[in-house]
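See below for the structure under consideration.
The values are calculated or read from the model by the stated rules, or taken from the named source; none is laboratory data. All values reported here derive from a predicted model rather than from experimental measurement. We place every Cβ from the backbone using ideal geometry, glycine too, and count neighbours over all the protein chains shown. Ligands, DNA and RNA are excluded from the accessible area calculation, which covers all protein heavy atoms including side chains. Shrake-Rupley method; radii C 1.70, N 1.55, O 1.52, S 1.80 Å.
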Amino acid sequence: MHKKTIAQLAAGLRSGEFSSIELTRACLERIRRLDSKLNAFITVSEEQALAAAQAADSIRATGRGGALTGIPIAHKDIFCTRGVKTSCGSRMLDNFIAPYDAYVVERLKAAGAVMVGKTNMDEFAMGSSNETSFFGPVHNPWAGTAVPGGSSGGSAAAVAARLVPAATGTDTGGSIRQPAALCGISGLKPTYGRVSRYGMIAFASSLDQGGPMARTVEDLAWLIEAMAGFDPRDSTCVERPVPRYAAGIDAPLTGLTVGLPKEYFGAGLSPAVGDLIQAAVGVVQRLGAQIKEISLPNSQLAVPVYYVIAPAEASSNLSRYDGVRYGYRCSEPRDLDDLYERTRGEGFGAEVKRRIMVGTYVLSAGYYDAYYLKAQQVRRMIRDDFIRAFEEVDVIMGPTAPTAAFDLGEKTSDPVQMYLSDIYTIAVNLAGLPALSIPAGFAEGRPVGLQLIGDFFAEERLLNVGHRYQQETDWHARIPRGYE
Amino acid sequence: MDWEAVIGLEIHIQLATKTKIFSGAATAYGAAPNTQACAIDLGMPGVLPVLNEQAVRMAVKLGLALDATIAPHSVFARKNYFYPDLPKGYQISQYELPVVTDGELNIELDGSVSKRIRIIRAHLEEDAGKSLHEGFEQVTAIDLNRAGTPLIEVVSAPDMRSAKEAVAYMKKLHSLVRYLEISDGNMQEGSFRCDANISVRSLGESRLGTRTEVKNVNSFRFVERAINYEIQRQIELLEDGGEVVQETRLFDTGRNETRPMRTKEEANDYRYFPDPDLLPLEIEPALIEGVRKTLPELPDAKRARFMLNYGLDAYDSTVLTASRALADYFEAVTAQCDDAKLAGNWVMGELSGALNKAGLDITEAPVSSEMLGVLLQRIKDNTLSGKIAKEVFEAMWNGEGGADTVIEQRGLKQLTDCSALEAIIEEVIAANPNQAQQYRAGKEKLLGFFVGQVMKATKGQAHPQLVNELLQKKLGA
Amino acid sequence: MSLGPSQVREIAHLARLAVDGNDIPAYAENLSRILDFVEQLGSVATEGTAPLAHPLEMSQRLRADAVGEEDQRELFQSIAPATQDGLYLVPKVIE
């Protein structure tokens, strides 16, 4: 059962081949048996899962239910789940039982999906390797010594290891796509505003966007259809009809123009990754697409812009963790400042503190214009590069990450080196565009991801191209050894 | 040396919306602690702000009334600082692009002189919660019910030159927001709070001196005292060769003095930046025009109309238009009795006196405008003398019913029946034969004695003029 | 841009973060590295380019002024570190 995709599982549930209870039990059993090698889960919510599965089975029994009714999923521990610990990978929220569900959680619940647990992640989503989690690093199912990527590393590893058919993730600078690439699964970062951020713990509000992670693009289509929608509780959520994403994935690619930004194939890209991406481009070309070289001239500025804007927003977003109303509180504070400083000093890990300090600095008096305002200006230039590119092409293709998964500990000593692992994903968040990462082969046994970037709200197009590609290839169907 | 004070006020006004500026929690005053603080007000993880339309409309209304510019595009920013009554660690406010700019407010000084005070800006922001220090030993207790209540902060130019002017400005703005029905203006409950920026300079100097900010002076009386104290303190400091330190001070109402604040403001690096959870506020002309249609007659226009239409003087017009409710009351009474002067005198005299004594607002007066109007009608149709009318008013105030009921029940109707009066007068003359004789002999000032005797006999209800006429006739005979 | 230990302490205080004295040099080095890295933005010509705060240039949606939240104090305070009589408690604050 664990090898089946959502589409296959839904068929099995519909035909009565197995029940959601059986399916959920099987998932819980695999998590129990295999997660000790991965550390992909922070919380396993067995009781709630079985109750939800039972409810899904009753719905199925009456002949109702949709594509996700009874399908087990895992939520990144950044999404608030009512009555279930929501830690955000931090000691700060290790004791935080959320009093409400995030919009994404609500929607997937309403669609009948069964939450089996909460996945590990970089602390407050700040990281590209899952090594900043208070709950310890996640291991890549393809190589135990390698990182799974981050920040949605637990979700990626859990899906890749077939512990769950799908999981949610969030993407602020590549946090869905980069771990999807490094773990050999598919992940979609939707257009900014497509999925409500309500109940999704904020890292950088103008960049954060939740999205699905699964093994196939078709599964992503089912998931995003349930997750997207208008939510009046998020001012930045767009009021716009949700397409029936899964309905359009089979469309032919003839007439499609694909842009390859020359900046995404230059120095810094591992040759092995570059070759695999070129091969993937060849597949799409054979399916009828036109290939065109384009330029995104400000690409190299995306990472520095991001490391001004994201920490600035984060420094303010994380001020609410002060030990007063919920979460960690230091023991026996002497006075108010001591309460604040020790609570936050002890509750946050080193990378989070580093980013809060960078953000505090760039917003402080005398530096705002030089850093923050400047970064916002360059942000516009980066977005405008994409707008110009989409006048010529329908989809942009390139690598998701410059290398396959690196080893645990390899980049922890130099934050800037770590930040550069997101060099191809960050610009998409700055511009607010949708992008997809799908498996495109292996370099020395570790998965490599192909990134497809679309115009605003062109998720349908991305899913269509990704799905057609997966009809021609089987990279997404490979299973890591030990998890067959 | 002669000194001049320079004063600017920042007034925080709570808007009378039903819900918070960024959440759907209620804003009612006096609820049990933290029962009106929802997840958004508490700064829980992952929750997001959505702007209250009514707060925007109220800001536009105030902007129009201040003859200000309504920004078509304004931006919410975060003001970052740590304080226990500020749950998110930042206050959502407006910084570089406020919703209202460049307005003005005219204040009246000594009745007829008026002065224009410029309004630099007015911006929307959220209120903080409350820290309770008293009644707790080692701790401070936090109630976040107030957190997220919509405020509009009105910032004046440093155009005021005395505590008196500052108070006049504050009263005028207070009256205006109540006219507009955008705030209840309740100062005890903190709906209308004032921070004063005060500096002094030698008379004739054009540069501004170093200012201090006196925080949270929340009554007209305290504002006057705090500003006067602060002006005097700064003058004495400078005259002794000292320097004014730019700082925030608190007014101690017990000691009638200001002292430096010990916490909160030390660093003052608020790291303002646009709130990424909120988008720019775009105000369409249609919204502005819609709000304009709801604008009531404003105090200045009403005052001018009172002078022109009712023939009232400047002072009376200012007093009667101080609040919309008072002005409405006066106009209703006038309509009923058709005598603006009489109505004005009664509203400013008996009625205001009774309200003051009872500590009541005009809206809580036990004597309605209609009741007062009927009473004044009874004076005009000679049913009552002015003196008896006061007795009737008191009875109405105490709940004995309308004027006619009171007159009936207490038998206070003025005696205007000639034959009945004649009989009484004859009795009085018969009872005082000596005085009658003296009067007839030419001691005419004894008429007053007889009038007094008749009024006594009629318990004051006789119509005085009629008594005069009849007495002269009878005594002359 | 290179930050010294005293600047790191100042920033840490502004952000209310207790940082162990032994860790200050490491923070100073890492923060300086990050700031050096973002410094390259300084040389980009941005005259006349408006800052972009949001990827989608939309305007703020307005919410009707209707009460939509009920009292959940008990639930919210069940996860609070210190409360008494419905109030949150912090160390004594002196104004």
| query | Exactly one of (1) surrounded by 21 or more Cβ atoms within 10 Å (Cβ to Cβ); (2) more than 23 Å from the chain's Cα centre (by Cα) is unmet by residue A:63. Its number? | reply | (1)
| remark: Here the residues within segment A:456-471 that are touching a Ser or Thr at 6+ places or on another chain (Cβ under 9 Å), open to solvent by 50 Å² or more (accessible area, probe 1.4 Å) and either farther than 17 Å from residue A:211 by Cβ or polar (S, T, N, Q) (or both) are none
| query | Of the residues in segment A:57-109, how many are farther than 14 Å from residue A:168 by Cβ and among the aliphatic types (A, V, I, L, M)? | reply | 7
| task | Any residue in segment A:333-358 that's at the interface with another protein chain (Cβ under 7 Å from one of its Cβ atoms) and closer than 15 Å to residue C:82 by Cβ: show its pairings with residues that are crowded, with 24+ Cβ neighbours inside 10 Å and among the acidic types (Asp, Glu) at Cβ separation under 8 Å, as long as the two are six or more apart or on different chains. | result | A:339/A:322; A:340/A:322
| task | Return yes or no: is residue B:435 closer than 30 Å to residue B:337 by Cα, open to solvent by 50 Å² or more (accessible area, probe 1.4 Å) and not in a loop (DSSP other than H, G, I, E, B)? | result | no
| task | Being within 17 Å of the chain's Cα centre (by Cα) and outside any loop (DSSP other than H, G, I, E, B) is the filter here, so list the residues in segment C:1-52 that pass it. | result | C:8, C:9, C:10, C:11, C:12, C:13, C:14, C:31
| task | Determine, yes or no, whether residue B:54 is under 27 Å from residue B:174 (Cα atoms), polar (S, T, N, Q) and away from chain A (no Cβ under 12 Å). | result | yes
| Got a sec? Which of B:248, B:210 is within 11 Å of another protein chain (Cβ to nearest Cβ), in contact with a strand residue (DSSP E or B) (Cβ under 7 Å, 6 or more places away or on another chain) and over 30 Å from residue B:322 (Cα atoms)? | B:248
| remark: The condition from (1) open to solvent by 10 Å² or more (accessible area, probe 1.4 Å); (2) out of contact with any Asp or Glu (no Cβ under 7 Å at 6 or more places or on another chain); (3) farther than 18 Å from residue B:80 by Cβ; (4) among the charged types (D, E, K, R) that residue A:351 misses is numbered (2)
| said: Tell me which strands (runs of 3 or more DSSP E) are completely within segment B:62-144 and hold 2 or more residues being open to solvent by 10 Å² or more (accessible area, probe 1.4 Å), or say none if there are none. | reply: B:100-109, B:113-126, B:130-132, B:139-143
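Yes or no, residue by residue, for (1) of a type in the set (Gly, Ala, Ser); (2) touching a helix residue (DSSP H, G or I) at 6+ places or on another chain (Cβ under 8 Å); (3) modelled with pLDDT of 95 or more; (4) surrounded by fewer than 24 Cβ atoms within 10 Å (Cβ to Cβ):
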{"position": "A:419", "(1), (2), (3), (4)": "no, yes, no, yes"}
{"position": "A:426", "(1), (2), (3), (4)": "no, yes, yes, no"}
{"position": "A:446", "(1), (2), (3), (4)": "no, yes, yes, yes"}
{"position": "A:450", "(1), (2), (3), (4)": "no, yes, yes, no"}
{"position": "A:473", "(1), (2), (3), (4)": "no, yes, yes, yes"}
| query | When segment A:328-368 is examined, which residues are found to be charged (D, E, K, R) and either over 30 Å from the mean Cα position of the chain (by Cα) or more than 22 Å from residue B:45 (Cα to Cα) (or both)? | reply | A:332, A:334, A:335, A:337, A:338, A:341, A:342
| task | State which residue is surrounded by the fewest Cβ atoms within 10 Å (Cβ to Cβ) when the search covers only segment A:302-331 and only residues that are touching a Lys or Arg at 6+ places or on another chain (Cβ under 8 Å) and within 7 Å of chain B (Cβ to nearest Cβ). | result | A:320
| query | Looking at segment B:215-225, is at least one residue surrounded by fewer than 22 Cβ atoms within 10 Å (Cβ to Cβ), in a loop (DSSP other than H, G, I, E, B), out of contact with any Cys (no Cβ under 6 Å at 6 or more places or on another chain) and in contact (Cβ under 8 Å) with a residue 12 or more places away in the chain? | reply | yes
| task | Starting from residues that are in a loop (DSSP other than H, G, I, E, B) and within 25 Å of the chain's Cα centre (by Cα), keep the ones in segment B:240-259 and report whichever is farthest from residue B:199 (Cα to Cα). | result | B:254
| query | Picking from A:404, A:440, which residue would you name as being at pLDDT 95 or above, part of a loop (DSSP other than H, G, I, E, B) and surrounded by 20 or more Cβ atoms within 10 Å (Cβ to Cβ)? | reply | A:404
| request: List the number of the failed condition for residue B:232; all other conditions in (1) open to solvent by 50 Å² or more (accessible area, probe 1.4 Å); (2) farther than 26 Å from residue B:151 by Cα; (3) in a loop (DSSP other than H, G, I, E, B); (4) modelled with pLDDT of 90 or more hold. | output: (3)
| Out of all the residues in segment B:110-134, which are closer than 24 Å to residue B:6 by Cα, touching a residue at least 12 places away in the same chain (Cβ under 8 Å) and in contact with a strand residue (DSSP E or B) (Cβ under 6 Å, 6 or more places away or on another chain)? | B:115, B:116, B:117, B:118, B:119, B:120, B:121, B:122, B:123
| request: Could you grab me the full set of residues in segment B:281-298 that are closer than 30 Å to residue A:238 by Cα and either of a type in the set (A, V, I, L, M, F, W, C) or crowded, with 18+ Cβ neighbours inside 10 Å (or both)? | output: B:281, B:283, B:286, B:287, B:288, B:291
| Residues in segment A:1-25 that are assigned to a helix (DSSP H, G or I) and farther than 12 Å from residue A:164 by Cβ: how many? | 12
| query | Can you find even one residue in segment C:84-95 that is facing chain A (nearest Cβ under 10 Å), closer than 30 Å to residue B:136 by Cβ, open to solvent by 60 Å² or more (accessible area, probe 1.4 Å) and polar (S, T, N, Q)? | reply | no
| query | Among the listed residues A:258, A:238, A:273, which satisfies the condition of being β-branched (Val, Ile, Thr), surrounded by 18 or more Cβ atoms within 10 Å (Cβ to Cβ) and in a loop (DSSP other than H, G, I, E, B)? | reply | A:238
| request: Could you list all residues from segment B:5-54 that are over 30 Å from residue A:97 (Cα atoms) and of a type in the set (S, T, N, Q)? | output: B:14, B:17, B:54
| message | If I ask for residues that are at pLDDT below 95 and more than 9 Å from chain A (Cβ to nearest Cβ), which ones from segment C:49-67 would you list? | response | C:57
| field | Which numbered condition residue B:256 fails, given (1) more than 14 Å from every other protein chain (Cβ to nearest Cβ); (2) open to solvent by less than 60 Å² (accessible area, probe 1.4 Å); (3) at pLDDT below 90 | value | (2)
| note | Of the residues in segment A:397-426 that are under 15 Å from residue A:151 (Cα atoms) and in contact with a strand residue (DSSP E or B) (Cβ under 8 Å, 6 or more places away or on another chain), the one that is nearest to the other protein chains (Cβ to nearest Cβ) is A:425
